[in-house]
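This report refers to the structure that appears directly beneath it.
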Amino acid sequence: MSTVAVEVVYRGIFQKTLARNIVRTIVFAARKEGKIGTAFGRYGDSPERNGIPAKQFAVVADDPEELDETLARYEPTEVDVTINVDDTLCKGVESWAWYGLQPINQLTKPDGTLIVTSWQDADSLIRDMHQKDAPIGLSIVKGTVSFSGLWVYKDDHTDVRILGTLAKVCPQLVSLESMLEAIQEQMDNETKVASAQKSFDLASVRPVEPGEGNPETPYKFELPGWKTMEEGVVIRGIEAGAGFRGGDGGYQPVRSEVFKKYSTRSMRPVINFETCIKCTLCWLQCPDTCFDVTPDGLYDANMESCCGCGVCEAVCPVPDCVTMVSEADFEDNNSQYEMWQEDKQGYNSWMTALVDKQKAETRTHGFHHVGGYAEEISEMTEA
Ligand code: SF4
Ligand code: SF4
């Protein structure tokens, strides 16, 4: 056997414990078969930040020399399986320590597998993923995205359901028997063992052919080389706002060309421009200076800069004027104000449908758990 590597791509802080449980259990399962392995987070993403895409790895080999060879690198250059525990990360990963946007399947080997937790179907996820020039497989673990981080651990069996699926799609890593034994030993919970077995039984792989997926080239930029480095540490500021929109009024601040932040978000705000009272609170309070002032004196959240924190929704005094909705429902970062200008009636119906859908869903964005646990809290209070 050669070395087998697995990466878990997760949202920093919110899903850290979930990612750690997955990679650790892989290594414990491998040890049951006399293999040697290690689990680690990539140093470049430390310290983690809320929602920022981050990675943990599990590398398993037959002997220590083989393992050492793989670990001599900063991180594996390719992996047999990529596990993505938040389906909105299918759009790409811009981490703290990277330079640009990395496709979710960048490290997945030819004929390797991408496992995603999602309620979306394969076609919808593939539309978000960047095209590759080699075939891979896609296996979906059906379920709500689990936010299980530093402060809370929502034990919804996402970890073991992924581990059961992993044993099916990558049998060269560990057998199902070893995986189940490791789960029992680590988690001491027979229901979790049964969940892993059930996921193993249900798991299937949908082939993703070269050329399927998002054809866009992910944005990137050149880092300075050794000869162009400046002396000392230079942190370039962003220029003072210089974005008055011609003679029509309005204001657009200058934003970073190299760190966009949008891959940080799992939800985004939609604005009801008809009910906005122009109170300025969203513009003042947005921690990322996302709002452009439009020539009408309305506020348009720039979707390349928005990290999806939900502050604008929290501070807006008008009911349903700003609503956080699932990022999975979008395929671009277009301006909502421009959409509204072009077709007000069309925009209003589209926005209302998204808001209604969100009210019926339980998706959270990790910061405020909007709608996520509210139902459970009322159930618990009644109990
Ligand atoms: S969710 Fe709202 S407050 Fe948060 S970054 Fe986006 S626009 Fe700004
Ligand atoms: S907080 Fe709400 S009402 Fe106030 S300007 Fe922003 S969108 Fe309009």
Selection from the stretch 318-350 of residues that are touching a Lys or Arg at 6+ places or on another chain (Cβ under 7 Å) and assigned to a loop (DSSP other than H, G, I, E, B): 330, 331
Any chance residue 354 is outside any loop (DSSP other than H, G, I, E, B) and either buried (at least 21 other Cβ atoms within 10 Å of the Cβ) or within 13 Å of ligand 1 (Cβ to nearest atom) (or both): no
Scope the stretch 303-335; condition within 13 Å of ligand 2 (Cβ to nearest atom), modelled with pLDDT of 90 or more and surrounded by fewer than 20 Cβ atoms within 10 Å (Cβ to Cβ); matching residues: 315, 317, 318, 319, 320
Top-ranked residue of the stretch 266-284 - restricted to ones that are touching a Gly at 6+ places or on another chain (Cβ under 8 Å) and within 18 Å of residue 325 (Cα to Cα), ranked as nearest to ligand 2 (Cβ to nearest atom): 269
Hits in the stretch 1-23 - residues which are farther than 14 Å from residue 145 by Cα and charged (D, E, K, R): 7, 20
Near pairs, Cβ below 6 angstrom, 6+ apart or cross-chain, from the stretch 121-136 (outside the structural domain of residue 327 (by TED's automatic domain parsing)) to any residue that is in a helix (DSSP H, G or I) and surrounded by 15 or more Cβ atoms within 10 Å (Cβ to Cβ): 125/90; 128/90; 128/91; 129/90
Subset tally (residues that are in a strand (DSSP E or B) and either closer than 15 Å to residue 51 by Cβ or out of contact with any Phe, Trp or Tyr (no Cβ under 9 Å at 6 or more places or on another chain) (or both)) for the stretch 83-128: 14
Matching residues in the stretch 155-201 - criterion: being over 21 Å from residue 35 (Cα atoms), surrounded by fewer than 19 Cβ atoms within 10 Å (Cβ to Cβ) and of a type outside the set (A, V, I, L, M): 155, 156, 188, 189, 190, 191, 197, 198, 201
In the stretch 261-277, residue nearest to the chain's Cα centre (by Cα) [restricted to those that are aliphatic (A, V, I, L, M) and surrounded by 20 or more Cβ atoms within 10 Å (Cβ to Cβ)]: 267
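This table checks each residue for (1) modelled with pLDDT of 95 or more; (2) within 24 Å of the chain's Cα centre (by Cα); (3) part of a helix (DSSP H, G or I).
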{"position": "25", "(1), (2), (3)": "yes, yes, yes"}
{"position": "49", "(1), (2), (3)": "no, yes, no"}
{"position": "55", "(1), (2), (3)": "no, yes, no"}
{"position": "81", "(1), (2), (3)": "yes, yes, no"}
Among the candidates 292, 296, 288, 320, residue that is charged (D, E, K, R) and near ligand 1 (Cβ under 8 Å from one of its atoms): 288
Scope the stretch 336-347; condition hydrophobic (A, V, I, L, M, F, W, C) and more than 15 Å from ligand 2 (Cβ to nearest atom); matching residues: 339
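The values are calculated or read from the model by the stated rules, or taken from the named source; none is laboratory data. Computed from a predicted model, the values in this text were never measured in an experiment. Please note: Cβ atoms are built from the backbone with ideal geometry, for glycine as well, and neighbour counts cover all protein chains shown.
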